[in-house]
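Taking it in order: structure first as structure tokens, then the write-up.
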Amino acid sequence: MIPPVDSSYLVFLGCAVGVPTLVVALLAWRLGGLRTPTDVAGVGALVLIAFGYTFVWDGYLIERGVWWYGNGVVTARVGVIPLGELAFFALQTALTGCWLHAIDPPVEPTRPATASARPVGLLVIAALELAGLVLSYTTAGYYLGYILLWGCPILGFLWVLGGPLVRRRRRSAAVAILVPTAYLWTIDRVAIGRGLWTISPTHSTGVAVAGLPVEEMVFFLVTNTLIVFGLLLYRWVIGRAERDGLVAGLVGLFPRGGGGAAAE
């Protein structure tokens, strides 16, 4: 790690993401959605997964100059990744995970009555993955392409396991995804405006909404979708395991043959 320089990134992160995460966690606890060890373990597990899956990808794009940080705003680095960036992996996951617990009642452990959502969703995800591959070979589409290449395989995996469940919970899932995504878009725009980080004009499309690059918008939408889908599946497996045993909980994840099946 390099010696400390300045705490601007961490201070901004603590105020803009850390404090809201604590507030949402308290709200979830108050509403009874984050009170058991398994609830906390689910969010904690997603934080660890976020670290593991994002670390190499994030470092690679930083080394390629896809984005960079303002002078004196980085406190320390682990490799090429700022300490604040690593903290952000955890805070975004915790914020979105706690928000889901706050707004969504416990998941019913029965299987959804139909699996027809799986093939349609997989076709959409496969098309996005292909688009990401094509974009990754272009200069202006490089960042957007790598977001899709990185996120779509896990999204497809989660959809294969839990597409019907997500479809059954689509309203609460949409709110769980879109509210933190809109908030993170806002603070990202503020951070870019303050010069905390800059998205490379060479490796991005130049398309922006209210000054926020479309790549950043897609990134937060994809990552929050992964968090919500993953946590919904986790809660479903835990609920099923508590009702029928661990084996039944795990076996219930795997698709059954046919276009539809009775809930169980």
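The values are calculated or read from the model by the stated rules, or taken from the named source; none is laboratory data. Everything numeric in this text was worked out from a predicted model, so none of it was measured. Note that each Cβ is placed from the backbone with ideal geometry, even for glycine, and that neighbours are counted across all protein chains shown.
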Residues within the range 157-188 that are assigned to a helix (DSSP H, G or I), in contact with a helix residue (DSSP H, G or I) (Cβ under 8 Å, 6 or more places away or on another chain) and not aliphatic (A, V, I, L, M), tallied: 11
Matching residues, the range 27-49, being in contact (Cβ under 8 Å) with a residue 60 or more places away in the chain, within 16 Å of residue 232 (Cα to Cα) and of a type outside the set (D, E, K, R): 28, 33, 34, 38, 42, 43, 45, 46, 49
Subset of the range 143-161 [over 16 Å from the mean Cα position of the chain (by Cα) and not aromatic (Phe, Trp, Tyr)]: 145, 160, 161
Members of the range 168-203 found to be more than 19 Å from residue 98 (Cα to Cα), touching a strand residue (DSSP E or B) at 6+ places or on another chain (Cβ under 8 Å) and surrounded by 14 or more Cβ atoms within 10 Å (Cβ to Cβ), listed by number: 188, 189, 191, 192, 196, 197, 199, 200
Answer from 39, 58 - the residue that is under 19 Å from residue 95 (Cβ atoms), crowded, with 16+ Cβ neighbours inside 10 Å, at pLDDT 95 or above and of a type in the set (Asp, Glu): 58
Conditions (1) modelled with pLDDT of 95 or more; (2) under 25 Å from residue 141 (Cβ atoms): number failed by residue 174: (2)
Selection within the range 109-147 - at pLDDT below 95, surrounded by fewer than 16 Cβ atoms within 10 Å (Cβ to Cβ) and assigned to a loop (DSSP other than H, G, I, E, B): 113, 116
Pairs with Cβ under 9 Å, 6+ apart, first in the range 213-236 and at pLDDT 95 or above, second basic (Lys, Arg): 216/189
Residue within the range 202-211 that is aliphatic (A, V, I, L, M) and modelled with pLDDT under 85 present: no
Pairs, first over 26 Å from residue 200 (Cα atoms) in the range 118-145, second modelled with pLDDT under 95 and crowded, with 19+ Cβ neighbours inside 10 Å, C-beta under 7 Å, six or more apart: 118/159; 118/163; 118/164; 121/159; 121/163; 122/159; 125/159
Yes/no for residue 186 being of a type in the set (Ser, Thr, Tyr) and without any contact (Cβ under 8 Å) to a residue 24 or more places away in the chain: yes
In the range 54-96, residue nearest to residue 204 (Cα to Cα) [restricted to those that are touching a residue at least 24 places away in the same chain (Cβ under 8 Å) and among the polar types (S, T, N, Q)]: 54
